[in-house]
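Right, one structure below, let's go through it.
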Amino acid sequence: MTERKLPTIVLGRTSAHSDSPGDGAIHDPLVHPDLYEGVALRRTFAFLLDMILLGLVLAIAFIPIAITVITVPVAAFLLAVIYDVLTIGGSASATPGMRVFGLKVITWAGGRPDNLQALLMSAMFWVVYSFTGWLAAIVAFLNPRWRCAHDFLAGTVVVRASAWPGK
């Protein structure tokens, strides 16, 4: 059995690395709609679950420590970024919340994001959303791949793990 090469998207055009004629880009929701089915709702629930997990860790970590107004936001930001880097940049390419809801982060070229890309994705997420709130989430509804603003900035795509051929 030969290994299937995944097509990439370069400047909006698809490379032709396919075994079957007519097969388009792996990122194309018109060709592979199963990759994006229910992604927006799953991402929302995954985010909520991750926030609960992070909240528990923060609560446990700060019970014995005297908290000031400045240390809580900074520590929460650092903990959230480290959490994302270790999980999205890890072997599963997903946070625990994403795994529960069957999602996976891939690079624009179809590979697994490394720790640096996971750092960029997470930092951009927290910076963008801290300044715009949920207004930035509107971006996800304006594109067929359900990509959020931080996905565009980091060069990543969130897909359904069960439908991803590069498991």
Restricting attention to region 131-163, which residues are in a helix (DSSP H, G or I), touching a residue at least 24 places away in the same chain (Cβ under 8 Å) and of a type in the set (S, T, N, Q)?
S162
Considering region 130-167 alone, what residues qualify as being touching a helix residue (DSSP H, G or I) at 6+ places or on another chain (Cβ under 6 Å) and aromatic (F, W, Y)?
W146
Can you pull out the residues in region 9-67 that are of a type in the set (D, E) and either surrounded by 11 or more Cβ atoms within 10 Å (Cβ to Cβ) or at pLDDT 90 or above (or both)?
D23, D28, D34, E37, D50
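Please go through region 68-92 and pick out each residue that is more than 24 Å from D114 (Cβ to Cβ) and either at pLDDT 95 or above or not in a helix (DSSP H, G or I) (or both).
Result: T68, V69, I70.
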Residue pairs meeting the criteria (Cβ under 8 Å; at least 6 apart or on separate chains; first closer than 9 Å to T156 by Cα, in region 99-112; second charged (D, E, K, R)):
I106/R112
Sort out which residues of region 72-115 are over 26 Å from A61 (Cα atoms), surrounded by fewer than 17 Cβ atoms within 10 Å (Cβ to Cβ) and of a type in the set (A, V, I, L, M, F, W, C), and write them in order of number.
A109
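Looking at region 104-119, is at least one residue of a type in the set (A, V, I, L, M), modelled with pLDDT under 85 and in a loop (DSSP other than H, G, I, E, B)? Step through it out loud before you land on a result.
Quick first cut of region 104-119, residues of a type in the set (A, V, I, L, M) only: 105-106, 109, 116, 118-119.
Okay, now just the ones that are also modelled with pLDDT under 85, so 109.
From what is left, the residues that are in a loop (DSSP other than H, G, I, E, B) are 109.
Yes.
The values are calculated or read from the model by the stated rules, or taken from the named source; none is laboratory data. Since the model is a prediction, treat every value here as computed from it, not as a measurement. A quick note on method: Cβ atoms are made from the backbone with ideal geometry, for glycine too, and the neighbour counts reach across all protein chains shown.
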